[in-house]
Structure formats: structure tokens, C-alpha cells
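The block underneath contains the structure these notes are about, expressed in C-alpha cells.
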């Protein structure tokens, strides 16, 4: 008998519950019908038309969909919370089964015409579109919670890029009602960020709100509006590793060009390769930034400074190579330049002058009279052992060198004394030796001119190498200063 009793008890409970639910449903339908019987959704819900309605607005930011720096457009997804009091939607809950709240479709009642003033979405006018239900209490308090996506304009400050902070505004206000008719107020001092989804490119620093009243030339009444400021800070690690770090490496490699020997022929190619690489990086940066002349980004200044430094390095190398490869017959080094470079700067940068070593070697090996050639002939008369003093040669055809005796033998007689004319011989020899002497003097002169040209070339090479060290010093100083500047600005 116990199971039958339990079944009856359950049946009775269900019956009374359904009766109560049906009664409640009837009360809700009756309340809804009574409230909307004479309701006009196009008229402000106030008993006295001169009275205003205070509307409270709060925004819960859910996600930053995209921030397009080039087009200066911000896309966000938000939850909007709008509160106001509707005097025509209040009731005595004792008359309607103690019903304290009821839900209405937002299309059935009056809602404030709040628009996003800085809307740039071509497919939307920026207004809050009815869609979700509205909760109404017995005191006439209305709560409207609706999700919405916004596409707003955002002024991008590219000055500190990629270590920049951006402040984007969501500007809300009533489109047709003045501040006397609809007083728009902020429900809190800041937006709700408790459910914000982190962005991979930006840190959300805060979203404060401020209320402003603006007067337009068309109307004397004020128009209140709310400005929600989305404060963003860029995450710079991506740009540091992909843009800043390669540029720093190229900047640090740049001074090494002065360690390449001028004879290698690779200096200018090295400079041009680094310069072209930086130009490519600069083009990548410029493609992602807005085309504005208001400000130059920090990374753009860094690339411009680096390119300028590389240009100066290339110019210095052109001058150095021009001085290093001076042609024979070039002008001698000016005394002022010789004194500045070969005396003072050579001591400061500890550079040994090869031209001075060449002078010392020539002073040690050559005496003043080494190349002096004089006439080796003197006025003298040479006597040969056969006697005589005249250089008269015998007749080569004469064979009268002896006589025959009775025994048939030839009796030789003493040969005649042969004499030579040394004066004529000396005259002929002097003619040939003068020609030889003239040729030797020409050779000596050419050697002296060649040595003088070599000395001038060595001096210009010394000037070029000292200038090379000076340029290396200043490039290193500029490189360190530029690198420290970008690291200090980046906060690293």
C-alpha cells in the first residue's frame, strides 16, 4: 500500500505545481498585455514631456579583433550594458502575483538612440540595434544587455613605434536627443575588463571613461557623450627580433669594413650590401605603417640614421681608395695636410709612416755622389814598350820583316818601333763616352723621378691609411651612440 500512496502524493504535487505555473504564466501574459496596451515605443517614457531620462551606459570589452595601423581602424567586440527608468513600465507586483520582473523584446519598448560617433563600418551606422531581450522590474527600471561589434577610427601615433602606446576612443552619444531630454551618464569610472581575452600584439593597460558635453552650432542645448579610452601598449618582441636586431647586427658589422685591406677590392661591395639590406628592412616597416607626415617612427629614425651612417662610411671609403691609388705624377702632399695627417694624427692613432722609412733607407744606401759621373780621361801620352810617341800604325801590307843569308836562312831583323796617335784615339773615345754619359744621366734622372713619384705615392697612401683609422674611430663612436639610443628608447 505504501507504493500506491507515494504515487498519489507525487501526482498531487505535480498537479499543484502545474496549476501554479499556469497561474504565473497567465499573470505574466496579463501583465505584459496591460503594460503594452497603450505603450508607444517611439515616445520617451516620461509622464511629463519636459522631464528628462537619465541613461547609464557601461561597456565590457571582450576582445580586440584587429588594430589596422595603416588604415587607422580599430575593431572590437563588446558587451554593452544600458540602464534607464521607464515610467510606463512600472506596476504593483501584488496585483500580478508578486511578479517583480519581466522580460520584453527590445523591439517592443522604447530604447535610447545611442550611436558610436566615430564609426567607420560601411555596413553599419554604429547604432545599438535591437536584438536581445530587455529586463524590466516592477519599479520601471530597465536593463538592456546586448553584445555588439564596433569598427571605429583610431588616431595612430607612430612616433615611438615599435615601443608605442595607442589610445583609441569609443565615442558614444545620443544622436537626436539633447542632454535635457536624454542625460547620458557613465555607470562606472572604467569599463569592465574582467572577461577580456588577451591579444597577441597588444597589452591592454586600461579603459577609463569620461563624460563630456558638447555644443553644436545647430542647437543651443548640450549633447552629452561618453568616451571610453582603450589604452594599448604594443608587444615589441616580434619587431625587435625581426627588424631591430638584424639592423643592430648590420650596424655593428659596418665598422669592420675598415679592416679590409684596400687592395682586396671588396670594400665598396661590402658597404653596398649592408646598405641595400637596410633599405629592404625600411621598406618592410613602411608597408605596415600609415602614410602620414605628422611623425616619423622611432624605428624609421633608427633605420634612417643607420643608412646615413652607412652612406658616410661608403663616402669615406671612396675618398680613402682615391687617395690610396694615386697615379704616378700626382701632386705632392700639401705641407698642411702632411703636418696634420703624417705628424699629429699619425702619433694619435699610432700609425707608422712608410714614406719616412723609405727616406731613411735612401739616406742610408745612397751618398750624394753615388750617381755623379765625371770625365775619366786626362791629358796624357801613353808610351808603348816598342818605343815611339806618335800613334802611326805600320802598313799592314808590308812583309819586309827580314833578309836571306848565304846559308839559306832568313836573318831576322828587329821589327820597327810602332807608335800610336793617342790624341786621336782619345778624341774618338770621348765622343762615344759622352753619348754613354748622356744616356746614363737620362737613366739616373728617370730613376730619381721614379723615386720621387714613389715617395709621393707612399705619402698619399700614408694619408689614406691615417684617414682610414680616423674614419674607423668616428664610425665606432657613432655606432655605439646609435645602438645605445635605440636600446634606451626600447627599454632594454
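The values are calculated or read from the model by the stated rules, or taken from the named source; none is laboratory data. Small disclaimer: the values here were computed from a predicted structure and weren't measured. Here the Cβ positions follow ideal geometry from the backbone for every residue, glycine too, while neighbour counts run over all protein chains shown.
Being buried (at least 17 other Cβ atoms within 10 Å of the Cβ) and more than 30 Å from residue 237 (Cβ to Cβ): is that true of residue 126 here?
On the way: buried (at least 17 other Cβ atoms within 10 Å of the Cβ): yes; more than 30 Å from residue 237 (Cβ to Cβ): yes.
Yes: the conditions hold for residue 126.
Based on this model, can you work out whether residue 86 counts as more than 30 Å from residue 291 (Cα to Cα) and surrounded by 14 or more Cβ atoms within 10 Å (Cβ to Cβ)?
It is true that residue 86 is more than 30 Å from residue 291 (Cα to Cα) and surrounded by 14 or more Cβ atoms within 10 Å (Cβ to Cβ).
Kindly evaluate residue 48 against the criterion of being more than 59 Å from the chain's Cα centre (by Cα), surrounded by fewer than 17 Cβ atoms within 10 Å (Cβ to Cβ) and under 24 Å from residue 183 (Cβ atoms).
Criteria met by residue 48.
I'd like to check something: does the range 45-53 contain any residue that is in the same structural domain as residue 197 (by TED's automatic domain parsing) and in a strand (DSSP E or B)?
Scanning the range 45-53, I find at least one residue that is in the same structural domain as residue 197 (by TED's automatic domain parsing) and in a strand (DSSP E or B), so the answer is yes.
Please verify whether residue 77 is over 25 Å from residue 193 (Cα atoms), assigned to a strand (DSSP E or B) and either in contact (Cβ under 8 Å) with a residue 40 or more places away in the chain or touching a helix residue (DSSP H, G or I) at 6+ places or on another chain (Cβ under 8 Å) (or both), treating the condition exactly as stated.
For residue 77, the condition - over 25 Å from residue 193 (Cα atoms), assigned to a strand (DSSP E or B) and either in contact (Cβ under 8 Å) with a residue 40 or more places away in the chain or touching a helix residue (DSSP H, G or I) at 6+ places or on another chain (Cβ under 8 Å) (or both) - is not met.
Determine if the range 6-15 includes at least one residue that is farther than 25 Å from residue 175 by Cβ, modelled with pLDDT under 95 and buried (at least 18 other Cβ atoms within 10 Å of the Cβ).
Let us first name the residues in the range 6-15 that are farther than 25 Å from residue 175 by Cβ, namely 6-15.
Going one step further and asking which of them are modelled with pLDDT under 95, we end up with 6-15.
Those left that are additionally buried (at least 18 other Cβ atoms within 10 Å of the Cβ): none.
For the range 6-15, residues farther than 25 Å from residue 175 by Cβ, modelled with pLDDT under 95 and buried (at least 18 other Cβ atoms within 10 Å of the Cβ): absent.
Just for the range 232-253: of the residues that are buried (at least 17 other Cβ atoms within 10 Å of the Cβ) and more than 15 Å from residue 479 (Cβ to Cβ), which one is modelled with the highest pLDDT?
Filtering first and then ranking leaves 232.
Just checking: which of the strands (runs of 3 or more DSSP E) contained wholly in the range 113-225 hold 1 or more residues that are under 29 Å from residue 294 (Cβ atoms) and assigned by TED's automatic domain parsing to the domain that holds residue 96?
Details: elements: 114-116, 133-137, 141-153, 165-174, 182-186, 202-206, 209-216.
Where strands (runs of 3 or more DSSP E) fall fully within the range 113-225 and carry at least 1 residues being under 29 Å from residue 294 (Cβ atoms) and assigned by TED's automatic domain parsing to the domain that holds residue 96, they are 114-116, 141-153, 165-174, 202-206, 209-216.
Could you look through the range 438-484, keep only residues that are closer than 25 Å to residue 300 by Cα and without any contact (Cβ under 8 Å) to a residue 12 or more places away in the chain, and pick out the one that is farthest from the chain's Cα centre (by Cα)?
My answer is 474.
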